[in-house]
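**Student:** The structure under discussion is supplied below as structure tokens; questions concerning it will follow.
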Amino acid sequence: DMVAWDLAAVTEDDALRYKDLTDDELRIQLSGSIEIFYEILEFERAKERDEVTDEMATGVLEKIFSSAMKDELRRQGVREEDIDTWTDMKMQRVLNLIPDSTLFSTPSDDSIKKFFKMVTDSDVFNPTSRPEKVPGGFIIRGHAKTNGDNLISNLDELIASSEIANKIQFFYVLDPIEKSEEELDRIGMQIGLGDASFDDLECPLLLVTGPDITPDENEFQGLANFLGFGNLIYFCLTTFGEVGSLSAENVVSLLLPIICLQLIHDLGHRIIAVLSGTEISLPYLIPGGGIGSYGTIIDLQSPPKNRSALFDLAVSGPLVGIISSILLLFAGLLRGSTSTDVTNFPSVSIEFLRSSSLASEIVSKFMGGDLFFTGQSADTFIHIHPWVVSAYLGIIINGLNFLPLKVTDGGRMMQAALGRTYSKLPEAIAFFCLFLAGFFGKDEMNILVVYAFFVSFAVGEKDLPCRNEVDDIGIGRSIFSIFALFVAALALTPLAS
């Protein structure tokens, strides 16, 4: 039925688009649908003979989806001779480098020819092949004669004074095209013989795109901000509901420091973005269920200069955020210790106060031992200064932001440290640990598992590439990335009851 509907849609809805085509052009446009028709016909005949296999059914579905993809590419203006390149599974990692909204703004053949000549005549890159067409642009294989930053700056200067200024954008990246098993076996044998190294698995090259690869604005930002702010207000209301102190003044006393901590986090990102010349979007809130919000996410609007710039941008927010949260925690404990009437303070559960080992240990030491963390039921409620509650949220939220998941702060931090390919391993481990904590009951408030579900389904995989994605971030930043993961573990591991 789905295929029949699709063929009918091609016949009726696209009639105006097809009516001016020649017979040959029409045959090309409809070739996918005709191919599907015959595949379905063969499938029905096999079904009548009771000869249908799983492989045959899978093959028909693959043909349907492949045809739909090719037809969509034709609608977007991709040339017929480039269709197979776009649908080649080896090109999927190329597609992950460029925003969907700009994939079809490829440089012209004339621009790429002039750029290739410019590169060939330069003293910073030695091409070993002519430009190869890939989705969204071209790649030029070769060897750099200098480090990545010098290569970028030198070619940028040449482009700025040429007639292809504002017509192309280029990146120095590791080869994004997946290698076949035969190629991997060949390189593996060469590594074993000492004729190659592991660097040959992902050789650096130039990726050339259209001049503007700014992604479209996230269409769900407004909804996310609405839900996130609404959840924060609800969290503040419920913390005062136990004592019947639902006044605007009390709610603001808790909501305001929470918002201030988040603004400090985002200000950290903004300052580093300005200093590095990277454009970023306005932040939008992540609805956080039981704790109000999981913080914010920013989108890259322009490529960072290199992996070090990406690392600094990513780590700046949660770093200043968690430091500010710890300082606010001490300030709240000091103010709370001098208060004689705590009945107007927020009422939170022991379960909440145990949700972060880092925050819990600070509070326990400040107040002289375990006090209220051990030996009491998790659903026992106590009154505590609003700054302490806000600081708890800040420590948990910024700890979550350090986790290496997709295009969150931690995900970008790990991508900068390990590169796109190898950062997938710590991401998988982090997801596994979060779900494992929920499965074995180590996440009493379900903070971790809900965050993992949200990031899995609502946060994208794709991010803009750095101009220079080849050069590493150095030993100092690498050590700090390990330290950040250690801080995240302390901030997110619940205190034993």
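**Student:** Arg335 versus Asn126, label points 7 Å from Cα toward the beta carbon: distance in nm?
**Tutor:** A separation of 6.5 nm, rounded to one decimal place.
**Student:** Quote the Stokes-Einstein diffusion coefficient, in whole µm² s⁻¹, for the range 310-358, based on the Kirkwood radius over alpha carbon pairs, a temperature of 37 °C and a viscosity of 0.692 mPa s.
**Tutor:** Result for D is 247 µm²/s.
**Student:** Please list, or write none, the lysines whose alpha carbon is within less than 23 Å of the alpha carbon of Lys90, excluding same-chain residues fewer than 8 places away.
**Tutor:** Partners found: Lys63, Lys70, Lys133, Lys179, Lys406, Lys424, Lys462.
**Student:** Size of the range 203-352 along its principal axes in angstrom, Cα-based, largest extent first?
**Tutor:** 66, 31, 25
**Student:** Further question on the same structure: Which lysines, on any chain, are close to Lys145 with Cα under 22 Å apart, when same-chain ones fewer than 8 places away are left out?
**Tutor:** Qualifying lysines at Cα under 22 Å: Lys113, Lys114, Lys117, Lys305.
**Student:** Highest mean first, what order results for 383-395, 130-142, 217-229 on Cβ atoms within 10 Å?
**Tutor:** 383-395, 130-142, 217-229
**Student:** Multiplying the sequence separation of Ala68 and Arg141 by 0.36 nm and subtracting their Cα-Cα distance, what value in nm do you get?
**Tutor:** Length gained between Ala68 and Arg141: 23.1 nm.
**Student:** Quick check: at a probe of 1.4 Å, how many percent of the accessible area of the range 84-152 sits on carbon and sulfur atoms?
**Tutor:** Of the solvent-accessible surface of the range 84-152, carbon and sulfur hold 47 percent.
**Student:** Quick one: Debye curve from the C-alpha atoms of the range 341-491, no solvent, what's log10 I(q)/I(0) at q = 0.22 Å⁻¹?
**Tutor:** Once normalised to I(0) and log-transformed, intensities are -1.39.
**Student:** Now a separate question. Among 44-50, 320-326, how do they line up by average Cβ neighbours within 10 Å per residue, starting with the highest?
**Tutor:** Top to bottom by mean Cβ count within 10 Å: 320-326, 44-50.
**Student:** Continuing with the same structure: Taking only protein heavy atoms and a 1.4 Å probe, what accessible area per residue, in Å², does the range 221-302 have with all protein chains in place?
**Tutor:** Value for the range 221-302: 45 Å² per residue.
**Student:** Relative to the present Cα-Cα distance, how much length would full extension add between Cys260 and Gln92 at 0.36 nm per residue of separation?
**Tutor:** My answer for the length gained is 56.4 nm.
**Student:** Further question on the same structure: Beyond 20 Å, what share of the Cα-Cα pairs of the range 401-482 is found? Please give it as a whole percent.
**Tutor:** That tail contains 36 percent of the Cα-Cα pairs.
**Student:** Let me ask you something else. Where only protein heavy atoms count, and the probe is 1.4 Å, what is the accessible area per residue for the range 104-183 in Å²?
**Tutor:** Averaged over the residues of the range 104-183, the accessible area is 49 Å².
**Student:** Taking 7 Å along the Cα-to-C-beta vector as the label spot, tell me the Ser302-Met367 distance in nanometres, rounded to one decimal.
**Tutor:** About 4.9 nm separates the two model spin labels.
**Student:** Going by average Cβ density within 10 Å per residue, which order do the peptides 337-350, 253-266 take, highest to lowest?
**Tutor:** Going by the mean number of other Cβ atoms within 10 Å, highest first, we get 253-266, 337-350.
**Student:** A further question follows. With r as the distance between the Cβ atoms of Thr421 and Ser162 and R0 = 41 Å, compute the FRET efficiency 1/(1 + (r/R0)^6) and round to 0.05.
**Tutor:** The value I calculate is 0.80.
The values are calculated or read from the model by the stated rules, or taken from the named source; none is laboratory data. Just so it is clear, the structure is predicted and the values come from calculations on it, not from any experiment. Here the Cβ is made from the backbone with ideal geometry for all residues, glycine too, and neighbour counts use every protein chain on show. Protein only, heavy atoms only, side chains kept; ligands, DNA and RNA dropped before computing areas. Shrake-Rupley method; radii C 1.70, N 1.55, O 1.52, S 1.80 Å.
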